[in-house]
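Visitor: Just passing along the structure, written as structure tokens.
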Amino acid sequence: MPLEAAQWWVRAALHAHGVLAFAEADRYYVLALAALPPDHPERFEIQTRRFYLARQVGNTCLEEQLEQLEAMAASARSAEERCRVWFYRGMVLDDQQDLQGAMEASRKAYQYGLEASPAEAFYPLIFVTHYQRDLGLLEEATADGHRALALARQLSPFHLAEAQLCHALTRMLQGCPDEAIGLLAEAEDLLRQNGPAPAVFWLLQERLGVARARVLNSLGRFEESVPQTAEVIEKARQGGVQRQELVGLLVRVEGWLGLGRAEEAAQDLERCTELARHLNWGWSEVGQLYAELELFRNNGPSALRWAERALEHAARNIVHEINGLYSRGGAWLALGERTKARADLERAIELHGGIHRFRAVRLEALQARLALTRFGAGFASTG
């Protein structure tokens with residue numbers, strides 16, 4: 001009785017998801033899909049649930065995700081279904097370092113979502129702003145952030161908290177950290193007043209902590225930032241949400257480096273390497289932070305190797321390229337190659353263009369490291 005069995009597997013998956021056992025939920029979805037015929041009317045919904053879940057827990061490689069996406073696209077009929085296909089296509093394009101394509105796909109998902117319901121349109125719009133921040137389109141991200149806040153007010157306190165988290169990161173990049181921290185505090189108040197967020201919001205409470213850590217890191221308040229990431233790392237590890245664990249660890253490593261805590265940074269980066277290898281994602285960020293760690297340890301040759309690796313994986317992502325050049329410039333400095341260091345750092349400043357991009361090294365840090373090529377006899381960390 002495979003059809004009846006499939007219904008029970010789906011119930012088991014939903015229950016496992018509800019108690020944050022995400023890796024287990026993914027296994028149940030696989031069993032349900034195996035029991036359903038190709039033309040079953042519930043297959044599309046299960047495929048979409050499984051696509052995002054498997055991506056988060058690292059159970060599918062990029063090739064498998066592309067195959068799943070093509071299968072979903074072939075069977076999508078309604079505006080809601082087309083919305084989800086384009087939404088996930090944006091994520092895949094992001095993994096392929098095509099930020100412009102990812103933003104356009106998410107915008108298309110948002111437009112289809114508006115035809116279906118505010119709830120369907122909400123997350124595609126949130127992701128549009130995510131890609132806009134990486135591209136440095138902060139005015140556009142602000143406008144779409146306000147649209148997301150307006151949509152969220154039609155939905156639930158949890159949607160509103162998600163929209164506030166999103167907008168806080170934009171305000172941080174616009175040089176308004178106090179406003180960003182205020183938005184995050186408002187989001188936490190909403191969650192306290194309305195109970196814990198359902199599992200469908202994917203560790204929302206804990207992600208607020210990571211967002212606050214990012215803001216605090218931007219202010220150099222590293223002692224405050226490091227504890228903010230502990231909860232999301234632990235919860236993500238328990239639930240098998242490897243992408244979120246990797247994000248939390250990368251933010252915490254920035255804090256450890258800011259505090260000069262090399263041993264703790266090295267320990268977290270070892271785990272980051274394991275996760276990046278399994279997910280085949282995040283390699284450039286891991287390599288660049290490793291390069292900075294090796295510079296702190298005064299190990300120029302190792303820093304150069306890691307910076308080269310970061311640049312190899314930067315592909316078309318301008319943020320990763322800026323950061324990789326920053327670290328390689330530091331490595332050349334440590335090796336006494338000031339001409340090569342100057343070339344890398346001038347190129348990084350040219351790419352930066354005075355545009356604030358999410359996760360990119362600050363212009364002031366690039367300029368400070370460049371100054372060392374002109375006046376310094378050795379290397380010093382510039383943060």
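The values are calculated or read from the model by the stated rules, or taken from the named source; none is laboratory data. All of these numbers come straight from a predicted model, not from anything done at the bench. Because the Cβ atoms are built from the backbone with ideal geometry, glycine has one as well, and the counts that use them run over all protein chains shown. Ligands, DNA and RNA are excluded from the accessible area calculation, which covers all protein heavy atoms including side chains. Shrake-Rupley method; radii C 1.70, N 1.55, O 1.52, S 1.80 Å.
Visitor: Any idea which of Thr48, Thr142, Thr60 is open to solvent by less than 30 Å² (accessible area, probe 1.4 Å) and assigned to a loop (DSSP other than H, G, I, E, B)? Full working, then the answer.
Guide: Working: Thr48 fails: assigned to a loop (DSSP other than H, G, I, E, B); Thr142 fails: assigned to a loop (DSSP other than H, G, I, E, B).
When all the criteria are applied, what remains is Thr60.
Here is a yes/no grid of residues against (1) in contact with a His (Cβ under 9 Å, 6 or more places away or on another chain); (2) surrounded by 24 or more Cβ atoms within 10 Å (Cβ to Cβ); (3) in contact (Cβ under 8 Å) with a residue 40 or more places away in the chain:
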site	(1), (2), (3)
Arg192	no, no, no
Ala199	yes, no, yes
Trp202	no, no, yes
Val226	no, no, no
Ile233	no, no, no
Arg243	no, no, yes
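Visitor: Sticking with this structure for a sec: Restricting to segment 145-157, count the residues that are open to solvent by 30 Å² or more (accessible area, probe 1.4 Å) and assigned to a helix (DSSP H, G or I).
Guide: 5
Visitor: Taking the criterion of being open to solvent by 20 Å² or more (accessible area, probe 1.4 Å) and out of contact with any helix residue (DSSP H, G or I) (no Cβ under 7 Å at 6 or more places or on another chain), would at least one residue in segment 79-93 satisfy it?
Guide: no
Visitor: Okay, moving on. For Leu311, indicate whether it is under 20 Å from Leu257 (Cβ atoms), open to solvent by less than 10 Å² (accessible area, probe 1.4 Å) and part of a helix (DSSP H, G or I).
Guide: Numbers: under 20 Å from Leu257 (Cβ atoms): yes; open to solvent by less than 10 Å² (accessible area, probe 1.4 Å): no; part of a helix (DSSP H, G or I): yes.
When the stated conditions are applied, Leu311 does not pass them.
Visitor: Let me ask you something else. I'd like the full set of residues that are over 24 Å from Phe201 (Cβ atoms), without any contact (Cβ under 8 Å) to a residue 24 or more places away in the chain and assigned to a helix (DSSP H, G or I), limited to segment 34-45.
Guide: Matches in segment 34-45: Ala34 only.
Visitor: Pick from Val210, Val128: which is of a type in the set (A, V, I, L, M, F, W, C) and touching an Asp or Glu at 6+ places or on another chain (Cβ under 6 Å)?
Guide: Val128
Visitor: Among the listed residues Ala343, Ala262, Ala303, Ala334, identify the single one that is farther than 30 Å from Glu63 by Cα and open to solvent by less than 10 Å² (accessible area, probe 1.4 Å).
Guide: Ala303
Visitor: Sticking with this one: Tell me, yes or no, whether segment 63-84 has at least one residue that is part of a loop (DSSP other than H, G, I, E, B), among the acidic types (Asp, Glu) and either within 27 Å of Arg277 (Cβ to Cβ) or at pLDDT 85 or above (or both).
Guide: No, that holds for no residue.
Visitor: Going by the conditions given, is Gly209 at pLDDT 95 or above and either crowded, with 21+ Cβ neighbours inside 10 Å or under 20 Å from His130 (Cβ atoms) (or both)?
Guide: Values: at pLDDT 95 or above: yes; either crowded, with 21+ Cβ neighbours inside 10 Å or under 20 Å from His130 (Cβ atoms) (or both): yes.
Yes, satisfied.
Visitor: Still on this model: Return a yes/no flag: does segment 161-173 have any residue that is surrounded by fewer than 24 Cβ atoms within 10 Å (Cβ to Cβ) and farther than 20 Å from Thr142 by Cβ.
Guide: No; the residues of segment 161-173 include none that is surrounded by fewer than 24 Cβ atoms within 10 Å (Cβ to Cβ) and farther than 20 Å from Thr142 by Cβ.
Visitor: Sticking with this structure for a sec: All but one of (1) in a helix (DSSP H, G or I); (2) in contact (Cβ under 8 Å) with a residue 60 or more places away in the chain hold for Gln97; which doesn't?
Guide: (1)
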